[in-house]
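Visitor: Input: one structure, supplied below.
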Amino acid sequence: MNFLSGKHIVVGVCGSIAGYKSAELVRLARAAGARVRVVMTPSAGEFVGARTFQALSGEPVWQHWSDDRSGMDHIELARWADRILVAPATADRVARLAEGRADDLLGAICLASQAPLLIAPAMNQAMWQHPATQENLARLRQRGVHICGPAEGEQACGEVGPGRMLEPATLVQSLVDSFRSGVLAGLKVVVTAGPTREAIDPVRYLSNRSSGKMGYAVAAAAREAGAEVTLVSGPVALAPPPGVALRRVESAEEMLAATLPLARECDIFIAAAAVADFRPSTPAASKLKRQAGGRSLALEPAADVLAGVAALPQAPFCIGFAAETDDLERQAQMKRISKGVDMIAANLVGPGLGFDSDENSLLLVWEGGQTRLEKDTKTRLATRLIECAAQRFRARQATKESHAKHTTESTR
Ligand SMILES: Cc1cc2nc3c(=O)[nH]c(=O)nc-3n(C[C@H](O)[C@H](O)[C@H](O)COP(=O)(O)O)c2cc1C
(Lines give C-alpha, C1' and ligand atoms only; values in the text may rest on other atoms or scores of the structure.)
Protein backbone atom coordinates (compact mmCIF):
# COMPACT_ATOMS: atom_id res chain seq x y z
CA MET A 1 0.00 0.00 0.00
CA ASN A 2 1.24 3.49 -0.87
CA PHE A 3 1.20 4.84 2.67
CA LEU A 4 4.29 6.98 2.01
CA SER A 5 3.14 8.27 -1.36
CA GLY A 6 4.72 11.63 -2.17
CA LYS A 7 6.82 11.69 1.01
CA HIS A 8 10.50 12.62 0.93
CA ILE A 9 12.64 10.47 3.22
CA VAL A 10 16.36 10.94 3.90
CA VAL A 11 17.83 7.66 5.17
CA GLY A 12 21.12 8.14 7.06
CA VAL A 13 23.27 5.01 7.11
CA CYS A 14 26.13 4.64 9.65
CA GLY A 15 29.05 2.24 10.07
CA SER A 16 27.45 -0.87 11.54
CA ILE A 17 27.03 -4.51 10.55
CA ALA A 18 23.29 -3.74 10.49
CA GLY A 19 23.91 -1.53 7.43
CA TYR A 20 22.93 -4.44 5.18
CA LYS A 21 19.36 -4.15 6.53
CA SER A 22 19.20 -0.53 5.34
CA ALA A 23 19.21 -1.74 1.74
CA GLU A 24 15.93 -3.54 2.40
CA LEU A 25 14.65 -0.51 4.31
CA VAL A 26 15.24 1.72 1.28
CA ARG A 27 13.55 -0.81 -1.01
CA LEU A 28 10.48 -1.10 1.23
CA ALA A 29 10.15 2.66 1.74
CA ARG A 30 10.15 3.14 -2.03
CA ALA A 31 7.66 0.34 -2.46
CA ALA A 32 5.43 2.25 -0.02
CA GLY A 33 5.51 5.23 -2.39
CA ALA A 34 8.27 7.37 -0.80
CA ARG A 35 11.10 9.13 -2.58
CA VAL A 36 14.25 8.12 -0.72
CA ARG A 37 17.67 9.77 -0.69
CA VAL A 38 20.48 8.00 1.15
CA VAL A 39 23.22 9.80 3.05
CA MET A 40 26.00 7.47 4.21
CA THR A 41 28.62 8.32 6.80
CA PRO A 42 32.20 7.82 5.60
CA SER A 43 32.54 4.62 7.66
CA ALA A 44 29.21 3.19 6.40
CA GLY A 45 30.94 2.61 3.06
CA GLU A 46 33.08 -0.07 4.73
CA PHE A 47 29.95 -2.14 5.32
CA VAL A 48 27.69 -1.58 2.28
CA GLY A 49 28.50 -0.03 -1.11
CA ALA A 50 27.00 3.27 -2.20
CA ARG A 51 25.96 1.68 -5.49
CA THR A 52 23.55 -0.63 -3.67
CA PHE A 53 21.74 2.37 -2.23
CA GLN A 54 21.94 4.26 -5.49
CA ALA A 55 20.29 1.40 -7.37
CA LEU A 56 17.64 0.80 -4.71
CA SER A 57 16.75 4.44 -4.16
CA GLY A 58 16.98 5.48 -7.81
CA GLU A 59 18.66 8.69 -6.58
CA PRO A 60 22.26 9.84 -6.10
CA VAL A 61 23.91 8.86 -2.80
CA TRP A 62 25.74 11.36 -0.60
CA GLN A 63 28.67 10.21 1.53
CA HIS A 64 31.48 12.77 1.66
CA TRP A 65 31.55 16.58 1.57
CA SER A 66 32.92 16.17 -1.96
CA ASP A 67 29.55 14.61 -2.96
CA ASP A 68 27.95 18.00 -2.20
CA ARG A 69 27.39 18.81 -5.87
CA SER A 70 25.90 22.29 -5.55
CA GLY A 71 27.91 23.30 -2.48
CA MET A 72 24.56 23.56 -0.70
CA ASP A 73 23.30 19.98 -1.06
CA HIS A 74 23.32 19.54 2.71
CA ILE A 75 20.91 22.45 3.11
CA GLU A 76 18.80 21.38 0.13
CA LEU A 77 18.55 17.82 1.46
CA ALA A 78 17.64 19.20 4.89
CA ARG A 79 14.79 21.19 3.28
CA TRP A 80 13.79 18.39 0.90
CA ALA A 81 13.24 15.86 3.72
CA ASP A 82 9.81 15.30 5.23
CA ARG A 83 11.46 12.84 7.63
CA ILE A 84 15.06 11.83 8.38
CA LEU A 85 15.59 8.25 9.51
CA VAL A 86 19.08 7.32 10.69
CA ALA A 87 19.27 3.53 10.43
CA PRO A 88 21.47 2.05 11.66
CA ALA A 89 22.42 4.71 14.21
CA THR A 90 25.74 3.81 15.86
CA ALA A 91 26.66 4.68 19.44
CA ASP A 92 29.04 7.25 18.01
CA ARG A 93 26.27 8.80 15.86
CA VAL A 94 23.94 8.96 18.86
CA ALA A 95 26.66 10.88 20.74
CA ARG A 96 27.28 13.20 17.78
CA LEU A 97 23.58 13.90 17.31
CA ALA A 98 23.18 14.61 21.03
CA GLU A 99 26.05 17.11 20.79
CA GLY A 100 24.63 18.67 17.62
CA ARG A 101 27.82 18.19 15.62
CA ALA A 102 27.99 19.04 11.93
CA ASP A 103 31.44 17.78 10.97
CA ASP A 104 30.11 15.39 8.33
CA LEU A 105 27.26 15.55 5.82
CA LEU A 106 24.76 13.51 7.83
CA GLY A 107 25.41 15.58 10.98
CA ALA A 108 25.00 18.83 9.04
CA ILE A 109 21.74 17.67 7.43
CA CYS A 110 20.25 16.57 10.76
CA LEU A 111 21.18 19.93 12.27
CA ALA A 112 19.90 22.01 9.34
CA SER A 113 16.59 20.22 8.94
CA GLN A 114 13.25 21.02 10.51
CA ALA A 115 11.97 17.59 9.52
CA PRO A 116 11.22 15.18 12.38
CA LEU A 117 14.19 12.90 13.10
CA LEU A 118 13.86 9.16 13.75
CA ILE A 119 16.82 6.99 14.71
CA ALA A 120 17.14 3.21 14.80
CA PRO A 121 20.08 2.36 17.08
CA ALA A 122 22.20 -0.71 16.38
CA MET A 123 25.05 -1.61 18.68
CA ASN A 124 26.53 -4.13 21.10
CA GLN A 125 24.30 -4.58 24.17
CA ALA A 126 26.94 -3.19 26.56
CA MET A 127 27.38 -0.10 24.37
CA TRP A 128 23.60 0.36 24.40
CA GLN A 129 23.33 0.00 28.18
CA HIS A 130 26.29 2.24 28.91
CA PRO A 131 25.21 5.34 30.89
CA ALA A 132 26.91 7.58 28.30
CA THR A 133 24.71 6.19 25.51
CA GLN A 134 21.59 6.31 27.70
CA GLU A 135 22.30 9.94 28.65
CA ASN A 136 22.75 10.84 24.98
CA LEU A 137 19.49 9.10 24.09
CA ALA A 138 17.65 10.91 26.89
CA ARG A 139 18.86 14.25 25.46
CA LEU A 140 17.65 13.29 22.01
CA ARG A 141 14.26 12.12 23.30
CA GLN A 142 13.86 15.39 25.16
CA ARG A 143 14.37 17.21 21.86
CA GLY A 144 11.59 15.19 20.23
CA VAL A 145 13.78 12.69 18.39
CA HIS A 146 11.91 9.42 17.94
CA ILE A 147 14.02 6.44 19.01
CA CYS A 148 12.91 3.30 17.13
CA GLY A 149 13.85 0.19 19.09
CA PRO A 150 16.30 -1.40 19.44
CA ALA A 151 15.21 -5.03 19.52
CA GLU A 152 16.69 -7.63 21.88
CA GLY A 153 18.34 -10.86 20.85
CA GLU A 154 21.47 -12.47 19.52
CA GLN A 155 24.03 -9.98 18.25
CA ALA A 156 26.68 -10.13 15.51
CA CYS A 157 29.38 -10.16 18.25
CA GLY A 158 27.83 -13.32 19.80
CA GLU A 159 26.37 -11.56 22.84
CA VAL A 160 22.68 -11.51 23.65
CA GLY A 161 20.72 -8.43 24.73
CA PRO A 162 19.27 -5.11 23.56
CA GLY A 163 20.91 -3.38 20.59
CA ARG A 164 19.69 -5.08 17.43
CA MET A 165 18.38 -2.71 14.78
CA LEU A 166 14.63 -3.06 14.22
CA GLU A 167 13.61 -4.95 11.10
CA PRO A 168 13.17 -2.81 7.93
CA ALA A 169 9.39 -3.43 7.72
CA THR A 170 8.96 -2.22 11.32
CA LEU A 171 10.97 0.92 10.53
CA VAL A 172 8.81 1.65 7.47
CA GLN A 173 5.79 1.34 9.74
CA SER A 174 7.42 3.83 12.16
CA LEU A 175 7.79 6.24 9.24
CA VAL A 176 4.13 5.76 8.26
CA ASP A 177 3.04 6.28 11.89
CA SER A 178 5.15 9.44 12.17
CA PHE A 179 2.88 11.11 9.59
CA ARG A 180 -0.31 10.26 11.51
CA SER A 181 -1.23 13.38 13.45
CA GLY A 182 -4.72 12.48 14.67
CA VAL A 183 -5.94 16.11 14.40
CA LEU A 184 -9.08 14.87 12.59
CA ALA A 185 -9.53 11.66 14.59
CA GLY A 186 -13.17 10.59 14.81
CA LEU A 187 -14.31 12.98 12.04
CA LYS A 188 -15.81 12.23 8.63
CA VAL A 189 -14.34 14.13 5.68
CA VAL A 190 -15.56 14.22 2.06
CA VAL A 191 -13.17 15.48 -0.62
CA THR A 192 -13.90 16.06 -4.31
CA ALA A 193 -11.06 15.95 -6.82
CA GLY A 194 -10.19 16.07 -10.49
CA PRO A 195 -12.02 17.54 -13.47
CA THR A 196 -15.55 16.80 -14.65
CA ARG A 197 -16.54 15.83 -18.19
CA GLU A 198 -19.60 17.42 -19.74
CA ALA A 199 -20.92 15.49 -22.72
CA ILE A 200 -21.20 17.15 -26.12
CA ASP A 201 -22.21 13.88 -27.79
CA PRO A 202 -21.56 10.20 -26.93
CA VAL A 203 -17.82 10.50 -27.76
CA ARG A 204 -16.89 14.13 -27.03
CA TYR A 205 -16.87 16.21 -23.88
CA LEU A 206 -15.88 19.55 -22.36
CA SER A 207 -13.31 19.29 -19.56
CA ASN A 208 -10.30 21.07 -18.05
CA ARG A 209 -6.65 20.51 -17.16
CA SER A 210 -7.14 19.42 -13.53
CA SER A 211 -4.95 16.39 -12.73
CA GLY A 212 -6.62 15.65 -9.39
CA LYS A 213 -3.23 15.70 -7.62
CA MET A 214 -4.19 18.37 -5.08
CA GLY A 215 -7.50 16.72 -4.15
CA TYR A 216 -5.89 13.29 -3.85
CA ALA A 217 -3.13 14.76 -1.65
CA VAL A 218 -5.79 16.44 0.53
CA ALA A 219 -7.71 13.16 0.88
CA ALA A 220 -4.48 11.34 1.85
CA ALA A 221 -3.58 14.08 4.37
CA ALA A 222 -7.06 13.94 5.93
CA ARG A 223 -6.71 10.16 6.27
CA GLU A 224 -3.27 10.56 7.87
CA ALA A 225 -4.88 13.05 10.26
CA GLY A 226 -7.18 10.24 11.45
CA ALA A 227 -10.39 11.08 9.55
CA GLU A 228 -12.72 8.64 7.80
CA VAL A 229 -12.38 9.93 4.24
CA THR A 230 -14.49 9.54 1.09
CA LEU A 231 -13.05 10.86 -2.15
CA VAL A 232 -15.48 11.73 -4.95
CA SER A 233 -13.30 11.86 -8.03
CA GLY A 234 -13.69 12.93 -11.63
CA PRO A 235 -11.69 11.02 -14.27
CA VAL A 236 -7.97 11.10 -13.35
CA ALA A 237 -4.94 8.86 -13.82
CA LEU A 238 -4.11 8.53 -10.10
CA ALA A 239 -4.15 5.61 -7.68
CA PRO A 240 -6.57 6.19 -4.79
CA PRO A 241 -4.83 6.98 -1.48
CA PRO A 242 -4.78 3.97 0.89
CA GLY A 243 -7.56 3.78 3.43
CA VAL A 244 -9.77 6.23 1.51
CA ALA A 245 -13.19 5.23 0.08
CA LEU A 246 -13.40 6.19 -3.60
CA ARG A 247 -16.49 7.15 -5.66
CA ARG A 248 -15.79 7.71 -9.35
CA VAL A 249 -17.99 10.12 -11.30
CA GLU A 250 -17.86 11.90 -14.67
CA SER A 251 -20.07 14.99 -14.89
CA ALA A 252 -20.76 17.85 -12.48
CA GLU A 253 -24.29 16.56 -12.04
CA GLU A 254 -23.04 13.08 -11.12
CA MET A 255 -20.54 14.64 -8.71
CA LEU A 256 -23.31 16.60 -7.00
CA ALA A 257 -25.56 13.53 -6.81
CA ALA A 258 -22.75 11.42 -5.29
CA THR A 259 -21.60 14.16 -2.92
CA LEU A 260 -24.83 15.47 -1.38
CA PRO A 261 -25.79 12.33 0.61
CA LEU A 262 -22.17 11.94 1.80
CA ALA A 263 -21.93 15.63 2.75
CA ARG A 264 -25.10 15.38 4.89
CA GLU A 265 -23.27 12.86 7.07
CA CYS A 266 -19.82 14.45 7.20
CA ASP A 267 -18.07 16.99 9.42
CA ILE A 268 -15.78 18.61 6.84
CA PHE A 269 -16.31 18.96 3.10
CA ILE A 270 -13.35 19.92 0.90
CA ALA A 271 -14.17 20.79 -2.71
CA ALA A 272 -10.88 20.45 -4.58
CA ALA A 273 -12.45 19.27 -7.85
CA ALA A 274 -12.33 21.57 -10.86
CA VAL A 275 -16.05 21.28 -11.60
CA ALA A 276 -17.16 22.60 -14.99
CA ASP A 277 -18.95 25.94 -14.82
CA PHE A 278 -20.87 25.24 -18.03
CA ARG A 279 -22.13 22.21 -19.86
CA PRO A 280 -23.64 21.74 -23.32
CA SER A 281 -27.38 22.50 -23.05
CA THR A 282 -28.48 19.67 -25.30
CA PRO A 283 -25.90 16.87 -25.65
CA ALA A 284 -26.48 15.08 -28.96
CA ALA A 285 -27.78 11.51 -28.74
CA SER A 286 -25.53 10.38 -31.60
CA LYS A 287 -22.08 11.46 -32.77
CA LEU A 288 -22.08 14.90 -34.38
CA LYS A 289 -20.87 14.75 -37.96
CA ARG A 290 -18.29 17.08 -39.49
CA GLN A 291 -20.09 19.82 -41.38
CA ALA A 292 -19.12 22.78 -43.50
CA GLY A 293 -19.27 26.21 -41.87
CA GLY A 294 -18.62 24.98 -38.31
CA ARG A 295 -21.07 24.72 -35.47
CA SER A 296 -21.80 26.61 -32.29
CA LEU A 297 -22.38 24.99 -28.96
CA ALA A 298 -25.07 26.28 -26.60
CA LEU A 299 -23.97 26.11 -22.94
CA GLU A 300 -25.87 26.27 -19.67
CA PRO A 301 -24.59 26.44 -16.08
CA ALA A 302 -23.39 23.10 -14.70
CA ALA A 303 -24.23 21.87 -11.19
CA ASP A 304 -22.42 23.85 -8.47
CA VAL A 305 -21.27 21.14 -6.07
CA LEU A 306 -19.73 23.45 -3.45
CA ALA A 307 -22.72 25.80 -3.32
CA GLY A 308 -25.04 22.77 -3.19
CA VAL A 309 -23.29 21.38 -0.11
CA ALA A 310 -22.94 24.80 1.56
CA ALA A 311 -26.73 25.31 1.18
CA LEU A 312 -27.58 22.11 3.09
CA PRO A 313 -29.59 22.80 6.28
CA GLN A 314 -26.91 21.22 8.51
CA ALA A 315 -23.97 22.02 6.23
CA PRO A 316 -20.59 20.60 7.21
CA PHE A 317 -17.53 22.86 7.57
CA CYS A 318 -17.00 23.74 3.89
CA ILE A 319 -13.69 24.46 2.18
CA GLY A 320 -13.59 25.44 -1.48
CA PHE A 321 -10.68 25.80 -3.87
CA ALA A 322 -10.34 28.78 -6.17
CA ALA A 323 -7.97 28.85 -9.13
CA GLU A 324 -7.38 32.46 -10.09
CA THR A 325 -5.12 34.22 -12.53
CA ASP A 326 -4.90 37.54 -10.62
CA ASP A 327 -5.84 39.49 -7.47
CA LEU A 328 -5.80 36.33 -5.36
CA GLU A 329 -6.74 37.75 -1.95
CA ARG A 330 -9.78 39.74 -3.10
CA GLN A 331 -11.04 36.99 -5.42
CA ALA A 332 -10.69 34.42 -2.63
CA GLN A 333 -12.67 36.46 -0.09
CA MET A 334 -15.32 37.23 -2.71
CA LYS A 335 -15.68 33.54 -3.55
CA ARG A 336 -15.89 32.63 0.14
CA ILE A 337 -18.73 35.08 0.69
CA SER A 338 -20.61 34.37 -2.56
CA LYS A 339 -20.49 30.59 -2.02
CA GLY A 340 -21.29 30.92 1.69
CA VAL A 341 -18.41 28.66 2.75
CA ASP A 342 -16.11 28.62 5.78
CA MET A 343 -12.75 28.67 4.02
CA ILE A 344 -11.27 29.14 0.56
CA ALA A 345 -7.92 27.71 -0.53
CA ALA A 346 -6.91 29.93 -3.41
CA ASN A 347 -4.06 29.44 -5.81
CA LEU A 348 -2.71 31.29 -8.78
CA VAL A 349 -2.72 29.26 -11.96
CA GLY A 350 -0.07 29.79 -14.54
CA PRO A 351 3.14 28.24 -15.89
CA GLY A 352 4.54 25.66 -13.40
CA LEU A 353 1.80 26.34 -10.85
CA GLY A 354 -1.59 24.85 -10.18
CA PHE A 355 -3.03 22.42 -12.71
CA ASP A 356 -1.05 19.26 -13.47
CA SER A 357 1.97 20.44 -11.50
CA ASP A 358 3.50 18.67 -8.46
CA GLU A 359 3.95 22.00 -6.72
CA ASN A 360 1.60 24.76 -5.75
CA SER A 361 1.21 27.61 -3.29
CA LEU A 362 -2.00 28.44 -1.46
CA LEU A 363 -3.68 31.35 0.24
CA LEU A 364 -6.15 30.13 2.88
CA VAL A 365 -8.83 32.68 3.77
CA TRP A 366 -11.64 32.52 6.30
CA GLU A 367 -13.82 35.13 8.03
CA GLY A 368 -11.43 37.54 9.70
CA GLY A 369 -8.20 35.74 8.84
CA GLN A 370 -5.87 34.26 6.31
CA THR A 371 -2.61 32.37 6.02
CA ARG A 372 -0.24 31.99 3.10
CA LEU A 373 1.33 28.60 2.34
CA GLU A 374 4.41 29.25 0.20
CA LYS A 375 5.33 27.17 -2.87
CA ASP A 376 5.82 23.54 -1.88
CA THR A 377 4.89 20.02 -2.94
CA LYS A 378 1.15 19.36 -3.07
CA THR A 379 1.67 16.62 -0.45
CA ARG A 380 3.14 19.05 2.09
CA LEU A 381 0.64 21.78 1.27
CA ALA A 382 -2.19 19.29 1.79
CA THR A 383 -0.87 18.41 5.27
CA ARG A 384 -0.70 22.09 6.22
CA LEU A 385 -4.15 22.74 4.76
CA ILE A 386 -5.57 19.92 6.88
CA GLU A 387 -3.87 21.29 10.03
CA CYS A 388 -5.40 24.71 9.37
CA ALA A 389 -8.80 23.18 8.52
CA ALA A 390 -8.76 21.23 11.81
CA GLN A 391 -8.07 24.43 13.76
CA ARG A 392 -10.79 26.42 11.98
CA PHE A 393 -13.26 23.53 12.35
CA ARG A 394 -12.62 23.36 16.12
CA ALA A 395 -12.92 27.15 16.39
CA ARG A 396 -16.32 27.02 14.60
CA GLN A 397 -17.46 24.19 16.89
CA ALA A 398 -16.46 26.20 19.96
CA THR A 399 -18.38 29.26 18.71
CA LYS A 400 -21.47 27.13 17.96
CA GLU A 401 -21.35 25.54 21.41
CA SER A 402 -20.99 28.86 23.18
CA HIS A 403 -23.94 30.30 21.15
CA ALA A 404 -26.05 27.27 22.05
CA LYS A 405 -25.15 27.68 25.74
CA HIS A 406 -25.93 31.39 25.62
CA THR A 407 -29.31 30.78 23.97
CA THR A 408 -30.25 28.12 26.55
CA GLU A 409 -29.29 30.43 29.44
CA SER A 410 -31.19 33.42 28.05
CA THR A 411 -34.38 31.38 27.47
CA ARG A 412 -34.41 30.07 31.07
C1 LIG B 1 33.05 -4.59 12.03
C2 LIG B 1 32.56 -3.41 12.80
C3 LIG B 1 31.25 -3.37 13.19
C4 LIG B 1 30.76 -2.27 13.90
N5 LIG B 1 29.43 -2.25 14.26
C6 LIG B 1 28.96 -1.24 15.02
C7 LIG B 1 27.63 -1.24 15.48
O8 LIG B 1 26.82 -2.11 15.16
N9 LIG B 1 27.22 -0.21 16.26
C10 LIG B 1 28.05 0.80 16.64
O11 LIG B 1 27.63 1.66 17.39
N12 LIG B 1 29.33 0.82 16.18
C13 LIG B 1 29.80 -0.15 15.39
N14 LIG B 1 31.10 -0.11 14.96
C15 LIG B 1 31.91 1.07 15.25
C16 LIG B 1 31.56 2.21 14.31
O17 LIG B 1 31.74 1.80 12.96
C18 LIG B 1 32.40 3.43 14.62
O19 LIG B 1 32.04 3.93 15.90
C20 LIG B 1 32.27 4.53 13.59
O21 LIG B 1 33.10 5.60 13.95
C22 LIG B 1 30.85 4.98 13.48
O23 LIG B 1 30.81 6.12 12.66
P24 LIG B 1 29.47 6.62 11.99
O25 LIG B 1 28.43 6.62 13.02
O26 LIG B 1 29.83 8.01 11.50
O27 LIG B 1 29.21 5.72 10.84
C28 LIG B 1 31.61 -1.20 14.22
C29 LIG B 1 32.93 -1.24 13.80
C30 LIG B 1 33.39 -2.32 13.09
C31 LIG B 1 34.84 -2.34 12.63
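Visitor: In the stretch 54-106, what residues are under 24 Å from F179 (Cα atoms), of a type outside the set (D, E, K, R), away from the ligand (no atom under 14 Å from the Cβ) and in contact with a helix residue (DSSP H, G or I) (Cβ under 8 Å, 6 or more places away or on another chain)? I'd like the intermediate steps shown before the answer.
Guide: Our first condition is that a residue be under 24 Å from F179 (Cα atoms); within the stretch 54-106, this holds for 56-59, 74-89, 94, 97-98, 106.
Next cut, of a type outside the set (D, E, K, R) only: 56-58, 74-75, 77-78, 80-81, 84-89, 94, 97-98, 106.
In the following step, the residues that additionally are away from the ligand (no atom under 14 Å from the Cβ) were identified as 56-58, 74-75, 77-78, 80-81, 84-85.
Within the stretch 54-106, L56, S57, G58, H74, I75, L77, A78, A81, I84, L85 meet the criteria.
Visitor: Can I ask one more? Being under 14 Å from I344 (Cα atoms) and without any contact (Cβ under 8 Å) to a residue 40 or more places away in the chain is the filter here, so list the residues in the stretch 370-383 that pass it.
Guide: T371, R372, L373
Visitor: Quick one: V349 ticks every box in (1) aliphatic (A, V, I, L, M); (2) at pLDDT 90 or above; (3) under 27 Å from the mean Cα position of the chain (by Cα); (4) closer than 25 Å to G308 by Cβ bar one, so which box is it?
Guide: Evaluating V349 over (1) aliphatic (A, V, I, L, M); (2) at pLDDT 90 or above; (3) under 27 Å from the mean Cα position of the chain (by Cα); (4) closer than 25 Å to G308 by Cβ leaves (2) as the failure.
Visitor: Oh, and also: Looking only at the stretch 6-21, filter to residues that are outside any strand (DSSP E or B) and more than 16 Å from the ligand (Cβ to nearest atom); which one of those is nearest to L118 (Cα to Cα)? Break it down into steps so the answer makes sense when it comes.
Guide: Narrowing the stretch 6-21 to residues outside any strand (DSSP E or B): 6-7, 14-21.
Right, trim to more than 16 Å from the ligand (Cβ to nearest atom) and you get 6-7.
Working: G6: 19, K7: 15 Å.
Among residues in the stretch 6-21 that are outside any strand (DSSP E or B) and more than 16 Å from the ligand (Cβ to nearest atom), the one nearest to L118 (Cα to Cα) is K7.
Visitor: Further, regarding this structure: In the list A169, A219, A245, A239, which residue meets the criterion of being crowded, with 24+ Cβ neighbours inside 10 Å and either farther than 27 Å from A285 by Cα or in contact with a helix residue (DSSP H, G or I) (Cβ under 6 Å, 6 or more places away or on another chain) (or both)? Step through it out loud before you land on a result.
Guide: Values: A169 fails: crowded, with 24+ Cβ neighbours inside 10 Å; A245 fails: crowded, with 24+ Cβ neighbours inside 10 Å; A239 fails: crowded, with 24+ Cβ neighbours inside 10 Å.
Just a single option satisfies the conditions, and that option is A219.
Visitor: Next question. If you take just the strands (runs of 3 or more DSSP E) that sit entirely in the stretch 93-178, which of them hold at least 1 residues that are in contact (Cβ under 8 Å) with a residue 12 or more places away in the chain and of a type in the set (K, R)? Give the derivation first.
Guide: Values: elements: 117-121, 151-154, 160-164.
Hits in the stretch 93-178: 160-164.
Visitor: Scan the stretch 51-62 and tell me whether some residue there is part of a loop (DSSP other than H, G, I, E, B) and in contact (Cβ under 8 Å) with a residue 24 or more places away in the chain. If you could, list the steps in order and put the result at the bottom.
Guide: Kept after step one, since they are part of a loop (DSSP other than H, G, I, E, B), are these residues of the stretch 51-62: 58-60.
With the extra rule that they be in contact (Cβ under 8 Å) with a residue 24 or more places away in the chain, the set shrinks to 58-59.
Yes, that holds for at least one residue.
Visitor: Those residues that are basic (K, R), farther than 26 Å from Q173 by Cβ and at pLDDT 95 or above, I need them from the stretch 69-107; list them, please.
Guide: Looking only at the stretch 69-107, we keep the residues that are basic (K, R), and these are 69, 79, 83, 93, 96, 101.
After this cut, where a residue has to be farther than 26 Å from Q173 by Cβ as well, the list is 69, 96, 101.
Across the stretch 69-107, the qualifying residues are R96, R101.
Visitor: List the strands (runs of 3 or more DSSP E) inside the stretch 257-365, counting only whole elements, that have at least 1 residues being among the β-branched types (V, I, T). Give the derivation first.
Guide: On the way: elements: 268-271, 278-280, 299-301, 317-324, 343-348.
Here the list reads 268-271, 317-324, 343-348.
Visitor: Shifting gears a bit: Give me a count of the residues in the stretch 22-48 that are away from the ligand (no atom under 11 Å from the Cβ), of a type outside the set (D, E), over 17 Å from F179 (Cβ atoms) and assigned to a helix (DSSP H, G or I).
Guide: Going through the stretch 22-48 one residue at a time, the tally reaches 4.
Visitor: In this structure, is Q155 within 14 Å of the ligand (Cβ to nearest atom) and modelled with pLDDT under 95? Even if it seems obvious, please write down each step before you answer.
Guide: Numbers: within 14 Å of the ligand (Cβ to nearest atom): yes; modelled with pLDDT under 95: yes.
Spelling it out, Q155 is indeed within 14 Å of the ligand (Cβ to nearest atom) and modelled with pLDDT under 95.
Visitor: Can you name the condition, by its number, that A311 falls short on among (1) surrounded by 14 or more Cβ atoms within 10 Å (Cβ to Cβ); (2) under 36 Å from the mean Cα position of the chain (by Cα)?
Guide: So the condition that A311 fails would be (1).
The values are calculated or read from the model by the stated rules, or taken from the named source; none is laboratory data. Predicted model only: the values in this text are computed from it and were never measured. No Cβ is skipped: glycine too gets one built from the backbone with ideal geometry, and neighbour counts run over all protein chains shown.
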